[in-house]
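Below is one structure, written out as structure tokens; the observations come after it.
The values are calculated or read from the model by the stated rules, or taken from the named source; none is laboratory data. Note that the structure is predicted; figures quoted are calculated from it, not measured. Cβ sites come from the backbone with ideal geometry, for glycine too, and all protein chains shown count toward neighbours.
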Amino acid sequence: MPPRVLGVDGCPGGWVGALLSGDEISWHVGHFASMLALGADAVAVDIPIGLPAGAARRAADVEARALLGPQRSSVFFVPPRVVLEAASQPEATLLSRAAGSVGVSIQTFHILDKIAEVDHHIQDGAQAIECHPEVTFRTMCGRALPPKRKKEGREARLQVLRTWLPALDLPHPLPGRARPDDCLDALACAWTAQRWLTGQAQTLGDERDELGVPMRIVV
């Protein structure tokens, strides 16, 4: 049996995973625990892993933003770990600023539950790497792509992924409540997981947080 790699992206209601065994793809939705239970040889997920303690920016985020240039806004600066305790966006901002960092946007607040979910499993010994689909796509094709929520952007990403999996198409119907761009991002994460498994991956950032968790983006 060929090695199995799993790319995971957040989607409405939970997570969507693209599990690859050779060139065969199966699609999965659910909690992050159900993604880990698939038993892939490598798991790459589009969510921050490793959280700063205070004002310092993660080197991984700084490097990823520099790599993307004009598209740098797709990489947000990860807030300090203390914000995971927040019950609201204003409280998250207060906690972040008290730790010496900046305010927390509403977009970032809305994924704190997913950050906490993955963080729980990583602290419990789960093996997964952090990746960023836009950094992955830039690495795959060497150029900026149109916005992924537009048809032109989705088609461009699909064409890039077909340089890896020539017969690739999006699943019909889409799994669970996942959107087309969620599935494309999960596939980009799977590409990174395969590179990690075969020793071809690069890493942005080389730090550990206060709990010893690596703070890096794998490409």
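Tabulated data for the structure shown
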{"item": "Restricting region 114-149 to residues that are exposed (fewer than 13 other Cβ atoms within 10 Å of the Cβ) and among the small types (Gly, Ala, Ser), the residue that is nearest to residue 42 (Cα to Cα)", "result": "125"}
{"item": "Identity of the residue in region 14-23, modelled with pLDDT of 95 or more and of a type outside the set (A, V, I, L, M, F, W, C), that ends up farthest from residue 49 (Cα to Cα)", "result": "21"}
{"item": "Considering residues of region 34-84 that are buried (at least 19 other Cβ atoms within 10 Å of the Cβ) and among the basic types (Lys, Arg) only, the residue farthest from residue 199 (Cα to Cα)", "result": "81"}
{"item": "Count - residues of region 86-102 that are more than 20 Å from residue 215 (Cα to Cα) and modelled with pLDDT under 95", "result": "0"}
{"item": "Enumeration of residues in region 146-164 that are within 20 Å of residue 11 (Cβ to Cβ), assigned to a loop (DSSP other than H, G, I, E, B) and at pLDDT 95 or above", "result": "none"}
{"item": "Within region 177-214, considering residues that are β-branched (Val, Ile, Thr) and assigned to a loop (DSSP other than H, G, I, E, B), the one surrounded by the fewest Cβ atoms within 10 Å (Cβ to Cβ)", "result": "198"}
{"item": "Wholly within region 68-132, helices (runs of 4 or more DSSP H) carrying at least 3 residues that are small (Gly, Ala, Ser) and free of Cβ contacts under 8 Å to residues at least 60 places away in the same chain", "result": "89-98"}
{"item": "Whichever residue in region 1-13 is touching a residue at least 60 places away in the same chain (Cβ under 8 Å) and closer than 15 Å to residue 37 by Cα and, among such residues, is surrounded by the most Cβ atoms within 10 Å (Cβ to Cβ)", "result": "7"}
{"item": "So residue 156, is it small (Gly, Ala, Ser), touching a Phe, Trp or Tyr at 6+ places or on another chain (Cβ under 9 Å), on the phi < 0 side of the Ramachandran plot and free of Cβ contacts under 8 Å to residues at least 40 places away in the same chain", "result": "yes"}
